[in-house]
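Below you'll find the structure, written out as structure tokens, and then a few comments.
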């Protein structure tokens, strides 16, 4: 239920946040609520993945891609996620989720998502491999980039991400 409320809140307040460049970083503020906790009384590993959906949602709409996605009935699909957990997020603790597009290849987009505690300490980080699927199958990367208004070169993927993508 809290994720539904968080999703509605982020969606309703979207118009009050500034647009982002395609390679910009979305920053969303959150707090750990009691239903985010596991038996160890810190944020559940699975909850990190659910909150990451909200970061990708924000990035998609603030870069202008959201309207094209709705207009063309594209569905965002996650193909893989790799996560690294560094520090716990405790009950009622505030944190930020930073989401940015790292780059792409012929089929996939790669996004970095970082959970930062107050003071900038890294709590967790993930890399997501995702694409968009339309009525006729996967939407070609150049078409997605065109809809975002991006005309620059593809950023070089970090070596670790490139190796992960090849595995």
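Miscellaneous remarks
- Filter result for residue 133 (farther than 21 Å from residue 51 by Cβ, over 16 Å from the mean Cα position of the chain (by Cα) and part of a strand (DSSP E or B)): yes
- Taken together, the criteria exclude residue 65 from residues that are touching a strand residue (DSSP E or B) at 6+ places or on another chain (Cβ under 9 Å), farther than 15 Å from residue 144 by Cα and crowded, with 19+ Cβ neighbours inside 10 Å.
- Matching residues in the range 6-26 - criterion: being in contact with a helix residue (DSSP H, G or I) (Cβ under 7 Å, 6 or more places away or on another chain) and loosely packed, with under 11 Cβ neighbours inside 10 Å: 19
- So residue 53, is it farther than 25 Å from residue 166 by Cβ and in a loop (DSSP other than H, G, I, E, B): no
Every residue, every condition in (1) in a loop (DSSP other than H, G, I, E, B); (2) surrounded by fewer than 18 Cβ atoms within 10 Å (Cβ to Cβ); (3) in contact with a strand residue (DSSP E or B) (Cβ under 8 Å, 6 or more places away or on another chain); (4) in contact (Cβ under 8 Å) with a residue 12 or more places away in the chain, yes or no:
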residue	(1), (2), (3), (4)
82	no, yes, yes, yes
99	no, no, yes, yes
119	no, yes, no, no
124	no, no, yes, yes
128	no, no, yes, yes
143	no, yes, no, no
151	yes, yes, no, no
162	no, yes, no, no
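- Residue within the range 84-96 that is closer than 20 Å to residue 133 by Cα, at pLDDT 95 or above, surrounded by 13 or more Cβ atoms within 10 Å (Cβ to Cβ) and in contact with a helix residue (DSSP H, G or I) (Cβ under 7 Å, 6 or more places away or on another chain) present: no
- Residues of the range 101-111 satisfying the condition of being in contact with a strand residue (DSSP E or B) (Cβ under 7 Å, 6 or more places away or on another chain) and in contact (Cβ under 8 Å) with a residue 40 or more places away in the chain: 101, 102, 103, 104, 108, 110, 111
The values are calculated or read from the model by the stated rules, or taken from the named source; none is laboratory data. On a predicted model such as this, the values are computed, not experimentally measured, just so you know. Because the Cβ atoms are built from the backbone with ideal geometry, glycine has one as well, and the counts that use them run over all protein chains shown.
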